[in-house]
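Working notes, beginning with the structure itself.
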Amino acid sequence: MYISLRSFMSNAYSNKYSKKEFSIIIPAYNEEKRIIERLETLVNFFHKNMGNPEIIVITDGCTDKTHFLVSEFSKKHPQVKLLNFSKRLGKGGAIIEGLRRAEGNIIVITDADNSVAPAELYKLITESKNYDVVICSRYSNGACLLIKEPFNRFILGRAFNALVKLMFWRMSKIYDTQCGAKVVKRYVISKILPDLFITGFTFDVNLIYSSLRHGFTVKEVGITYKHIDDYSKVSKNLPRVALGMFFSLVKLRLYYSRFRPLLYTRTFQKLSLFMWNATNA
Ligand SMILES: Nc1nc2c(ncn2[C@@H]2O[C@H](COP(=O)(O)OP(=O)(O)O)[C@@H](O)[C@H]2O)c(=O)[nH]1
Ligand SMILES: [Mg+2]
């Protein structure tokens, strides 16, 4: 496994930007209960299978010990890097910062909990041989849900997906934008970075839609998934998060329309800030 993947990496993915093959990006907000277990699992798996990729953890505005724990962990595991910001950036905002600094040719974005096991990330990486972007899915062929999400989240999630399909016809064949792992090639990020501006949980839609708009291929892969509700930032504030996500969808729709200038008006920016504060407390 190790040899075949490494050789395929060096053949297919060597480019002028960097000698590093992989980067793993993890946004982490108040994750002191989950982040170390996640890092240990990833470090062990990728050490054995793919020679220590860099792992970038982005923390922002944490009110717990997440950044201290990651900083301590990185002393023993130098491939783990911490990007800490004092201000809350949001999940998307944190990922954007990570994408700016990632050096790998293949970039894996994943969550701070162990919902998506490293073996599933490996599956996505393998698929990325033939696609520009690979996203995991709870609702595509081959998916297996070991622990399902609560019913209210399931319903809201499906409604969100229906809305995404309605508002963005290019996404009509995407069934799960929000599952916790994506693999994106570095050349994709170089192209779409200026279009990534959704800083909350709707960032995933921004990433996928902007990739499609640029003509990149996006593959959705069914995975084995285990929903972890303890310490979930989404479940804790479901109505507010849902409202914020809906507002972000509207912003993304406006951005990709002739009404884009509206986004830059003072009134809209004030509304945006109000919505951010109201939905990210
Ligand atoms: N850096 C950062 N990460 C965030 C923020 N909000 C959520 N996250 C991360 O986004 C990921 C997904 O969040 P989670 O609460 O597990 O969502 P769920 O899996 O949909 O219940 C986790 O790694 C969170 O720590 C944020 O404001 N900043
Ligand atoms: Mg989670």
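Values quoted throughout were computed directly from the atomic coordinates according to the rules given, and no laboratory measurement underlies them. What you see is a predicted model, and the numbers here were worked out from it, not measured in a lab. Quick reminder, even Gly has a Cβ in these numbers, built from the backbone with ideal geometry, and neighbours come from all protein chains shown.
Worth pointing out:
- Reachable aspartates and glutamates, given that their alpha-carbon falls under 15 Å from the alpha-carbon of Lys81 and they are not under 8 places away in the same chain: Glu40, Glu54, Asp60, Glu72, Glu97, Glu103
- Shape call, the range 143-281: gyration tensor on alpha carbons, a/c limit 1.5: oblate
- Fewest-first sequence of Thr224, Thr202 by Cβ atoms within 10 Å of each Cβ: Thr224, Thr202
- Residues whose amide H falls under 5 Å from that of Leu83, counting only those 5 or more places apart or on a different chain, are Val57, Ile58, Thr59, with hydrogens built in the peptide plane.
- Förster radius 30 Å - calculated FRET efficiency between Lys65 and Lys226, Cβ distance, rounded to 0.05: 0.75
- Summing Cβ point charges (Lys, Arg +1; Asp, Glu -1) relative to the Cα centre of the range 38-122 gives a dipole of roughly 220 debye.
- Entries of Lys20/Lys123; Lys87/Lys270; Lys65/Lys219 with Cα pairs more than 28 Å apart: Lys65/Lys219
- The range 182-187 - phi-based ³J(HN,Hα) in whole Hz, Karplus 6.51/-1.76/1.60, Gly and Pro as x: 9, 10, 10, 6, 4, 5
- Coil-residue trypsin sites (Lys or Arg not before Pro) of the range 78-134, DSSP, other Cβ within 10 Å capped at 12: Lys87
- Proximity of backbone amide H atoms, modeled 1.01 Å from N, is registered between Lys219 and Val133, Val134, Ile135 at under 5 Å, excluding neighbours fewer than 5 places apart on the same chain.
- Listed by Cβ neighbour count within 10 Å, with the fewest neighbours leading, Thr267, Thr279, Thr110 appear as Thr267, Thr279, Thr110.
- For the chain, the membrane-span-like helix rule (DSSP H, alpha carbon extent of at least 18 Å along the helix axis, mean Kyte-Doolittle at least -1.0) picks out 35-50, 151-167, 238-255, 266-279; this says nothing about an actual membrane.
- The ranking of Val184, Val218 from fewest to most other beta carbons within 10 Å of each one's beta carbon is Val218, Val184.
- Pairwise label distance in nanometres, Arg100 with Leu193, each label 7 Å out on the Cα-Cβ vector: 0.9 nm
- Antiparallel content of DSSP bridges confined to the chain, in %, to 5: 25 percent
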